[in-house]
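Asker: Quick one: the structure is below, questions incoming.
The values are calculated or read from the model by the stated rules, or taken from the named source; none is laboratory data. Values in this document were obtained by computation on a predicted structure and should not be read as measured data. Positions of Cβ are backbone-derived with ideal geometry, glycine not excepted, and every protein chain shown enters the neighbour counts. Ligands, DNA and RNA are stripped out before the accessible areas are found, and what is left, the full protein with its side chains, is counted by its heavy atoms. Shrake-Rupley method; radii C 1.70, N 1.55, O 1.52, S 1.80 Å.
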Amino acid sequence: MEEEKLKYFEKYREIIRDFDNFLETLKTPQPYWFRVNTLKIQEEKLIERLETKGFRVERFRGLNAYRILEMPVKHPGATVEYSLGYYYIQDLSSMAPVLALDPQPGERILDMAAAPGSKSTMIAELMNNSGTIVANDISVDRIKSLAANIERLGITNIIVTKKDARNANFDGKFDKILLDAPCSGEGTFRKNPWGFQGADEKGHSILGRQQKMMLRNAVRHLSEDGIIVYSTCTYSPIENESVVKYGVENLNLKVLKIELSIPHLEGVKEWDGEKYEMYEKCIRIYPHLVDTGGMFIAVLAKQ
Amino acid sequence: MQFLQNNSYRIYFIERFGIPEHVLNTYTFWERGRKVWAFSGELWDINGVEVFGIKALTKGRDLKPSTAFLRIVGKYAKKNVIFLDDNNTLAFLRGRELNIDYPADGGYVVVRRKDDVLGCGFYVKKEKRLISLIPSKYRLQETWV
């Protein structure tokens, strides 16, 4: 069944380096990653407790990011420590946009499509619950899961709103904006290959249009020296480099080069006849680089 | 319905649990309906707010503190705190009632096990009963470790 579904990704053979290895990795289940909620417990203390219970974990390059190698339960959330909010299960690739955002205590940050809250709660943790995060989502059901995660992790500096990120007014300017845009989700294939839908050309195009509207709205709310982190968990250039190009050409944005300690490749140079001059500053994380999901990231600022 | 600021709710946590005022001054308190929320961020005048920080209290005949907020500030509580041993901890987290004689006032208590703040309980002093008020979503399942 997965073999059949893997054919979907053939369209990216020319743009994903080491493509056969990429495909082979898609056949393997994605490991669980987590981060320690340092608002509630020190990293070393939690790791010691989990190891005592039979977990075997591996820290990634000095980051608060741990890969689970072995666990005594079927799901990594089936522990007292999880229930107490001491850790959050989050793929390493999903931590990358927050690291690119580099949130600082006291800042005003907008997370435009926040649910279920992996990135918002990570931002809050890095800000030590100070400053203000406006975490927005359009879906009531998704907001419920966002609120539950905020509560479990003990996050107190988040205001949750339910607005349409394409045109909503967030009543002010923000130092930093995370636009982790709704997308075709190709980078999540390994988490749920059975339920994977992907998108056809028309689907990518519709999503791309919505993402551009969201980016336009993000610019409206950005302070003069602020930054926008645009990210998706998909590979389609229509939803990634093409949206960034739109920002550069139509919204007076520039792409910033950033350092990221998570292994990645540069963006796509050309797709379907469209050239992306800023491709070298874009970041793509693929499953075959460090055994994660997929992610696209670009950091944008006003020109 | 709007959130209305009312920081007088700090007094509840100071008086009931002996939590130092400087800890509670980190938060502003906001009422909406029967719920009171605690927020540690900078104030932001924004429309369409669904959630404002974290639920801290529910208003009723008495004020009922939330497990979520006690898990944040409960470690600073100096009174009306009940410490459990390992066996009772698991029972409490499963939502069970405990028979326990403890030097705490009757009413809402912070329940702990060593460094862990487990959440909110209700202590019936006359009957030496501790009722677990852990929300069902946080309750320990048999399959957990």
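Asker: With (1) among the hydrophobic types (A, V, I, L, M, F, W, C); (2) touching a residue at least 12 places away in the same chain (Cβ under 8 Å); (3) not in a strand (DSSP E or B) as the list, and A:Ala78 as the residue in question, which single condition is left unmet?
Answerer: (2)
Asker: Does A:Ala124 qualify as being at the interface with chain B (Cβ under 8 Å from one of its Cβ atoms) and among the hydrophobic types (A, V, I, L, M, F, W, C)? Please lay out each step first, then the result.
Answerer: Details: at the interface with chain B (Cβ under 8 Å from one of its Cβ atoms): no; among the hydrophobic types (A, V, I, L, M, F, W, C): yes.
No: the conditions fail for A:Ala124.
Asker: What's the total number of residues in region B:118-145 that are surrounded by 13 or more Cβ atoms within 10 Å (Cβ to Cβ), basic (Lys, Arg) and either in a strand (DSSP E or B) or facing chain A (nearest Cβ under 9 Å) (or both)?
Answerer: Count: 2.
Asker: Do you know which residues across region A:118-141 are of a type outside the set (S, T, N, Q) and without any contact (Cβ under 8 Å) to a residue 40 or more places away in the chain? Steps first, please.
Answerer: Quick first cut of region A:118-141, residues of a type outside the set (S, T, N, Q) only: A:119, A:122-127, A:131, A:133-135, A:137-138, A:140-141.
Answer for region A:118-141, where residues must be of a type outside the set (S, T, N, Q) and without any contact (Cβ under 8 Å) to a residue 40 or more places away in the chain: A:Leu126, A:Met127, A:Gly131, A:Ile133, A:Ala135, A:Asp137, A:Ile138, A:Val140, A:Asp141.
Asker: Could you tell me whether region A:200-220 includes any residue that is part of a loop (DSSP other than H, G, I, E, B) and surrounded by fewer than 17 Cβ atoms within 10 Å (Cβ to Cβ)?
Answerer: Taking region A:200-220 first, the residues part of a loop (DSSP other than H, G, I, E, B) are A:200.
Then keep just the ones that are surrounded by fewer than 17 Cβ atoms within 10 Å (Cβ to Cβ); that gives A:200.
Yes: region A:200-220 contains one or more residues that are part of a loop (DSSP other than H, G, I, E, B) and surrounded by fewer than 17 Cβ atoms within 10 Å (Cβ to Cβ).
Asker: Condition first: surrounded by 13 or more Cβ atoms within 10 Å (Cβ to Cβ) and either of a type in the set (Lys, Arg) or more than 14 Å from every other protein chain (Cβ to nearest Cβ) (or both). Now tell me which residues in region B:10-32 satisfy that.
Answerer: Looking only at region B:10-32, we keep the residues that are surrounded by 13 or more Cβ atoms within 10 Å (Cβ to Cβ), and these are B:10, B:12-14, B:16-20, B:23-24, B:26-32.
Result: B:Arg10, B:Tyr12, B:Ile14, B:Arg16, B:Phe17, B:Gly18, B:Ile19, B:Pro20, B:Glu31, B:Arg32.
Asker: Do we have A:Leu50 as outside any loop (DSSP other than H, G, I, E, B), farther than 19 Å from A:Met122 by Cα, touching a helix residue (DSSP H, G or I) at 6+ places or on another chain (Cβ under 9 Å) and at pLDDT 95 or above here? Reasoning before the result, please.
Answerer: Numbers: outside any loop (DSSP other than H, G, I, E, B): yes; farther than 19 Å from A:Met122 by Cα: yes; touching a helix residue (DSSP H, G or I) at 6+ places or on another chain (Cβ under 9 Å): yes; at pLDDT 95 or above: yes.
Against the criterion (outside any loop (DSSP other than H, G, I, E, B), farther than 19 Å from A:Met122 by Cα, touching a helix residue (DSSP H, G or I) at 6+ places or on another chain (Cβ under 9 Å) and at pLDDT 95 or above), A:Leu50 qualifies.
Asker: Restricting attention to region A:272-298, report how many residues are in a strand (DSSP E or B) and under 14 Å from A:Met95 (Cβ atoms). Spell out how you get there, then give the answer.
Answerer: Keep residues of region A:272-298 that are in a strand (DSSP E or B), which gives A:274-275, A:283-285, A:295-298.
When the remaining residues are screened for being under 14 Å from A:Met95 (Cβ atoms), the result is A:283, A:285, A:295, A:297.
The total comes to 4.
Asker: Something else about it: Just give me the residues in region A:88-106 being open to solvent by less than 30 Å² (accessible area, probe 1.4 Å) and either within 14 Å of another protein chain (Cβ to nearest Cβ) or of a type in the set (Gly, Ala, Ser) (or both), in sequence order.
Answerer: Initially, region A:88-106 is screened for residues open to solvent by less than 30 Å² (accessible area, probe 1.4 Å), giving A:88, A:90-98, A:100-101, A:103.
A:Ser93, A:Ser94, A:Ala96, A:Ala100, A:Pro103 - these are the residues of region A:88-106 that are open to solvent by less than 30 Å² (accessible area, probe 1.4 Å) and either within 14 Å of another protein chain (Cβ to nearest Cβ) or of a type in the set (Gly, Ala, Ser) (or both).
Asker: Within region A:221-241, count every residue that is open to solvent by less than 10 Å² (accessible area, probe 1.4 Å), within 16 Å of A:Lys11 (Cα to Cα) and of a type in the set (Val, Ile, Thr).
Answerer: 1
Asker: Would you confirm, using the coordinates I've provided, whether A:Ile158 is in contact with a strand residue (DSSP E or B) (Cβ under 9 Å, 6 or more places away or on another chain), within 30 Å of B:Ala56 (Cβ to Cβ) and at pLDDT 95 or above? Before you say what the answer is, go through the steps one by one.
Answerer: Numbers: in contact with a strand residue (DSSP E or B) (Cβ under 9 Å, 6 or more places away or on another chain): yes; within 30 Å of B:Ala56 (Cβ to Cβ): yes; at pLDDT 95 or above: yes.
Considered against the rule, which asks whether it is in contact with a strand residue (DSSP E or B) (Cβ under 9 Å, 6 or more places away or on another chain), within 30 Å of B:Ala56 (Cβ to Cβ) and at pLDDT 95 or above, A:Ile158 comes out as yes.
Asker: Also: Suppose we filter region B:33-80 for residues that are assigned to a strand (DSSP E or B), open to solvent by less than 20 Å² (accessible area, probe 1.4 Å) and more than 7 Å from every other protein chain (Cβ to nearest Cβ); how many remain?
Answerer: Qualifying residue count for the region: 4.
Asker: Also, quick follow-up: Just one of (1) within 11 Å of chain B (Cβ to nearest Cβ); (2) surrounded by fewer than 18 Cβ atoms within 10 Å (Cβ to Cβ); (3) of a type in the set (A, V, I, L, M, F, W, C) trips up A:Leu69, so point out which.
Answerer: (1)
Asker: Counting just the residues of region A:108-136 that are within 18 Å of A:Asn169 (Cα to Cα) and open to solvent by 10 Å² or more (accessible area, probe 1.4 Å), which one comes out nearest to the chain's Cα centre (by Cα)? Before the answer, list the steps.
Answerer: First, pick out the residues of region A:108-136 that are within 18 Å of A:Asn169 (Cα to Cα): A:108-114, A:132-136.
Filter once more, keeping what is open to solvent by 10 Å² or more (accessible area, probe 1.4 Å): A:108, A:113.
On the way: A:Arg108: 19, A:Ala113: 10 Å.
My answer is A:Ala113.
Asker: Among the residues of region A:254-264, which ones are open to solvent by 30 Å² or more (accessible area, probe 1.4 Å) and part of a strand (DSSP E or B)?
Answerer: Across region A:254-264, the qualifying residues are A:Lys254, A:Leu256.
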